[in-house]
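Report on one structure; see the data block that follows.
Throughout, read-outs are computed from the coordinates displayed, never taken from laboratory work. Here the structure is a predicted model, which is why all the values come from computation and not from measurement. Positions of Cβ are backbone-derived with ideal geometry, glycine not excepted, and every protein chain shown enters the neighbour counts.
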Amino acid sequence: MVDKHPKRSDEPVWWGLFGAGGSWFAMITPVTVLVLGILVPLGVIDAEAMSY
């Protein structure tokens, strides 16, 4: 028997949040690696500018 009123799933909401988090991570990680891993050790950015 076919259910004429199927229960709506909330999975798309969770997959959307998962995708948004992955996108945020993919954009922020390279910038963080560039600043903290390359520019600060080379002296391009002063390490004191990073402290608060």
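Going by average Cβ density within 10 Å per residue, which order do the peptides 23-32, 37-46, 3-12 take, highest to lowest? Spell out each step's value before the answer.
On the way: 23-32: 9.4, 37-46: 10.9, 3-12: 6.9.
The most tightly packed comes first, giving 37-46, 23-32, 3-12.
Between the residues Leu39, Met1, Gly21, the greatest Cα displacement towards the positive end of the dipole of the chain, with unit charges on the Cβ of Lys, Arg, Asp and Glu, is found for Met1. From the C-alpha coordinates alone, can you work out the Kirkwood hydrodynamic radius of the chain, in Å? One over the average 1/r among Cα pairs gives 14.7 Å for the chain. The charge dipole of the chain, taken about its Cα centre with unit charges on the Cβ atoms of Lys, Arg (+1), Asp and Glu (-1) only, comes to about 340 debye. For Ile45, the residues whose amide H sits under 5 Å from its own are Val40, ignoring neighbours fewer than 5 places away on the same chain, with H placed 1.01 Å from N.
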